[in-house]
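Single-structure report; data block below.
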Amino acid sequence: MNQKQVEIAFCAGFLALLIGGWISLADIPAQARLFPRMIIGFTAVFTVAMAVRAIWALRADAVDQGWRMFESVGRWAIAVVALPIYVLGVSTIGYFTSTLIFIPALALILGYRRPMVAIAIALVFDILIYIVFIQVFERRLPPDIVVGL
């Protein structure tokens, strides 16, 4: 299986997960499911675009131009395993704490070598989510046992 075939298989599997996520939101009130469905929709569009790009390159028998979805299949496997753990963490200890742990931890596991930058990114991301959802939209996120929000 060559690189483009792996990318196409990944896209198909990821798209199936996105469809499952879309369907799983059916029982949630309309206002609460709007944002998750927007994120799923955008992600699906980019996933399809990536698959089309891989199919195009495969059909054209194109020469690899240096960009690959999977430089390391092991790192992607770590990310795929880490994501459900993060979701479990959100429902268990809360969104803000889980995100403050998940973003830097995953970045470091995947080889990013500047931990303070990863922590800063996680902190800024949490602050932006707090402003948008808690302050602007007045929407509650899963209770957070550490931060207390």
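The values are calculated or read from the model by the stated rules, or taken from the named source; none is laboratory data. These numbers come from a predicted model, not from an experiment. Here the Cβ is made from the backbone with ideal geometry for all residues, glycine too, and neighbour counts use every protein chain on show. Just the protein is used for accessible areas: all its heavy atoms, side chains included, with ligands, DNA and RNA removed. Shrake-Rupley method; radii C 1.70, N 1.55, O 1.52, S 1.80 Å.
Below, the figures for the structure above:
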quantity: Selection status of Leu17, at pLDDT 90 or above and hydrophobic (A, V, I, L, M, F, W, C); calculated: yes
quantity: Candidate set from the stretch 107-149 (those that are out of contact with any Phe, Trp or Tyr (no Cβ under 8 Å at 6 or more places or on another chain), assigned to a helix (DSSP H, G or I) and open to solvent by less than 40 Å² (accessible area, probe 1.4 Å)); member that is nearest to Ile78 (Cα to Cα); calculated: Ala107
quantity: Subset of the stretch 101-138 that is more than 21 Å from Phe35 (Cα to Cα) and in contact (Cβ under 8 Å) with a residue 24 or more places away in the chain - its residue that is nearest to the chain's Cα centre (by Cα); calculated: Leu106
quantity: Residues of the stretch 26-46 that turn out to be closer than 26 Å to Arg140 by Cβ and surrounded by 14 or more Cβ atoms within 10 Å (Cβ to Cβ), as a count; calculated: 5
quantity: Pick from the stretch 83-104, criterion part of a helix (DSSP H, G or I), among the small types (Gly, Ala, Ser) and at pLDDT 85 or above, ranking: surrounded by the most Cβ atoms within 10 Å (Cβ to Cβ); calculated: Ser98
quantity: Cross-chain or 6+ apart pairs with Cβ under 7 Å, the stretch 67-82 first and open to solvent by 40 Å² or more (accessible area, probe 1.4 Å), then modelled with pLDDT under 75; calculated: Trp76/Phe70
